[in-house]
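Asks: The structure follows.
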Amino acid sequence: ILYVTLDTNTNTKRVAGGTVWIPTKAADGERRVVAWAHPTVGLGNSCAPSRNPNALSLTSGWIQQMATEGWIVTATDYSGLGTPPPYTYLEGLQESTDVVNSVRAASQLPDARAGTRWGVFGHSQGGHSALWTATLALKLAPELDLVGAAAAAPASDLYATINQQWNT
């Protein structure tokens, strides 16, 4: 999908890419939604998960499980990755804005029946995004009900990490 998001540095609209998986089984009411925040994948347009079928190969098992359980899965590429620059890496407000807006975009898809209850799950860069999203979701999307967040190996305490690796 391509969807409208916000450039949090300039407060202007911009486009982001992503993927939405919708279960094929008929929905009994609104579907629950989980937003997948992907790990660091590179900076080139071809690195955007929605443009690279292999980018999400490690997550295909749980995405299938979520679909079997009736959940919609959204996966933002983050704005600027696979869409016009700038790409903002590890900027929490931008990433969480893109994650939230991917959930909003799913609700606009015909017959998706996306509900307002949702969760976020991310790994590495996506773990960073998931933590920021958990902190900012209510402010960014008061109409949505974030019920859970999971962060696997989040890029956190970046200052300490950088100082451990580089001394200049």
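The values are calculated or read from the model by the stated rules, or taken from the named source; none is laboratory data. Owing to the predicted nature of the structure, the values given are computational and were not obtained by experimental measurement. Using ideal geometry, Cβ is built from the backbone for each residue, glycine included, and neighbour counts are taken over all protein chains shown. Remember, those area values only see protein heavy atoms, side chains included, never the ligands or the DNA or RNA. Shrake-Rupley method; radii C 1.70, N 1.55, O 1.52, S 1.80 Å.
Asks: Quick one: order ASP157, ASP28, ASP98 from most to least accessible surface, probe 1.4 Å.
Replies: Final ranking, largest accessible area leading: ASP28, ASP157, ASP98.
Asks: Any idea of ARG104's accessible area? Nearest 10 Å², probe 1.4 Å.
Replies: Only protein atoms counted, so the area is about 80 Å².
Asks: R0 = 25 Å: FRET efficiency of THR116 with LYS25, Cβ-based, nearest 0.05?
Replies: Taking R0 as 25 Å, the efficiency between THR116 and LYS25 is 0.75.
Asks: Provide the percentage of antiparallel DSSP beta bridges, counting only those with both residues in the chain; round to the nearest 5.
Replies: If I count the DSSP bridges inside the chain, around 35 percent turn out antiparallel.
Asks: Considering only protein heavy atoms, what is the solvent-accessible area of LEU90 at a probe of 1.4 Å, reported in Å² to the nearest 10?
Replies: 40
Asks: With charges only on Cβ, +1 for K and R and -1 for D and E, what is the dipole size of the stretch 1-100 about its Cα centre, in debye, rounded to 20?
Replies: Computed about the Cα centre, the dipole is about 200 debye.
Asks: A further question on this structure: Sort TRP62, TRP36, TRP21 by accessible area with a 1.4 Å probe, largest first.
Replies: Sorted by accessible area, descending: TRP21, TRP62, TRP36.
Asks: Among LEU131, ALA35, VAL4, whose Cα sits farthest toward the positive end of the charge dipole of the chain (+1 at Cβ of Lys/Arg, -1 at Cβ of Asp/Glu, about the Cα centre)?
Replies: Value: VAL4.
Asks: Report LYS25's accessible area, 1.4 Å probe, all protein chains in place, as a number in Å² to the nearest 10.
Replies: 140
Asks: Let me ask something else about it. According to a simple spin-label model (label point 7 Å from Cα along Cα-to-Cβ), what is the distance in nm between LEU2 and TYR159?
Replies: Spacing of the two 7 Å Cα→Cβ label points: 4.0 nm.
Asks: Here's another thing I want to ask about it. How much accessible area per residue does the chain have, counting only protein heavy atoms and a probe of 1.4 Å, in square angstrom?
Replies: With the other protein chains kept in place, the chain gives 53 Å² per residue.
Asks: Roughly how big is the chain's charge dipole about its Cα centre, with Cβ charges of +1 (Lys, Arg) and -1 (Asp, Glu), in debye to the nearest 20?
Replies: Roughly 220 debye, rounded to the nearest 20.
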